[in-house]
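Everything on this sheet refers to the single structure shown next.
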Amino acid sequence: MNTPDPVALRASRLKLLLIMLVFAAPMLAAGVLTVIGWQPSGKANGQPIEPQRNFATEQLQVTLANGQSWAWRAEEPQLTLVALAGPDCAAQCLDVLTKMAAARITLNQNAPRLRLLYVGKPPADASSSGMSSYWQLGQDSKDRLAPFRPGRPDSVAALLVESDGTALSLYPAGFDPSGLRKDLQKVIR
């Protein structure tokens, strides 16, 4: 029987330990990062909503123009983009709303996966501008969306809500509509 060469035996054991280290190192790093509380930050343009809210479980009721209640839980996977206008929604507000609707159009075949909901008093020329062609118009009778509504006149804020009713992101008044478009293209595929 041949006795193994001690140098070759040590070398093969070292190689085995290095291979195990290659697979164990990422798991150890992930464990350390989790313990210290590090979270990866994305390049999203919207602000995360903290604490997280679910409008369906909160039973936040939005009444549509036809008298029906808005269903926060979509029947099929669809996100909802909620527009909240400040007081006196006029030209600038309507321009941002138009750009938000255009962001939906740029989703091409995925456009049906995004619902547009406008909550509040519609602009004066909403019917003549074709706004109702793209947006569902509704009212928050208990004003539970007030914390997200801008106070500045002629401005718009937006909320991106998941198909189960969980609010994902807030786009405060003055947000960049092209940034919203980029976020939508990342989320809706």
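The values are calculated or read from the model by the stated rules, or taken from the named source; none is laboratory data. All of these numbers come straight from a predicted model, not from anything done at the bench. Don't worry about glycine lacking a Cβ; one is built from the backbone with ideal geometry, like all the others, and counts go over all protein chains shown. Please note that ligands, DNA and RNA were not included when accessible areas were found on the heavy atoms of the full protein model with its side chains. Shrake-Rupley method; radii C 1.70, N 1.55, O 1.52, S 1.80 Å.
Here are the numbers:
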item	result
Candidate set from the stretch 53-89 (those that are of a type in the set (Asp, Glu) and touching a residue at least 12 places away in the same chain (Cβ under 8 Å)); member that is nearest to ASN110 (Cα to Cα)	GLU76
Hits in the stretch 159-176 - residues which are over 9 Å from the mean Cα position of the chain (by Cα) and closer than 17 Å to ARG149 by Cα	TYR171, PRO172, ALA173, GLY174, PHE175, ASP176
Cβ pairs under 6 Å, 6+ apart, first in the stretch 164-189 and modelled with pLDDT of 90 or more and among the charged types (D, E, K, R), second open to solvent by less than 70 Å² (accessible area, probe 1.4 Å) and part of a helix (DSSP H, G or I)	ARG181/ALA103
Which numbered condition SER133 misses (of (1) touching a residue at least 24 places away in the same chain (Cβ under 8 Å); (2) open to solvent by 70 Å² or more (accessible area, probe 1.4 Å))	(1)
Residues located in the stretch 90-123, provided they are of a type in the set (Lys, Arg) and touching a residue at least 60 places away in the same chain (Cβ under 8 Å)	LYS99, ARG104, ARG113
Qualifying residue in the stretch 106-120 (condition: out of contact with any Asp or Glu (no Cβ under 7 Å at 6 or more places or on another chain), under 18 Å from ALA157 (Cα atoms) and part of a loop (DSSP other than H, G, I, E, B))	yes
The stretch 1-31 - residue that is of a type in the set (A, V, I, L, M) and within 33 Å of the chain's Cα centre (by Cα) and, of those, nearest to GLY179 (Cα to Cα)	ALA30
Set ALA101, ALA29, ALA8: member being of a type outside the set (Val, Ile, Thr), assigned to a helix (DSSP H, G or I) and loosely packed, with under 10 Cβ neighbours inside 10 Å	ALA8
Residues (closer than 24 Å to ASP183 by Cα, outside any strand (DSSP E or B), touching a strand residue (DSSP E or B) at 6+ places or on another chain (Cβ under 6 Å) and open to solvent by less than 20 Å² (accessible area, probe 1.4 Å)) located in the stretch 50-96	CYS93
Residues of the stretch 32-49 classified as open to solvent by less than 100 Å² (accessible area, probe 1.4 Å) and either under 20 Å from the mean Cα position of the chain (by Cα) or of a type in the set (Ser, Thr, Tyr) (or both), total	8
When residues of the stretch 138-161 are limited to those that are touching a helix residue (DSSP H, G or I) at 6+ places or on another chain (Cβ under 9 Å) and crowded, with 17+ Cβ neighbours inside 10 Å, the one farthest from GLN92 (Cα to Cα)	ASP140
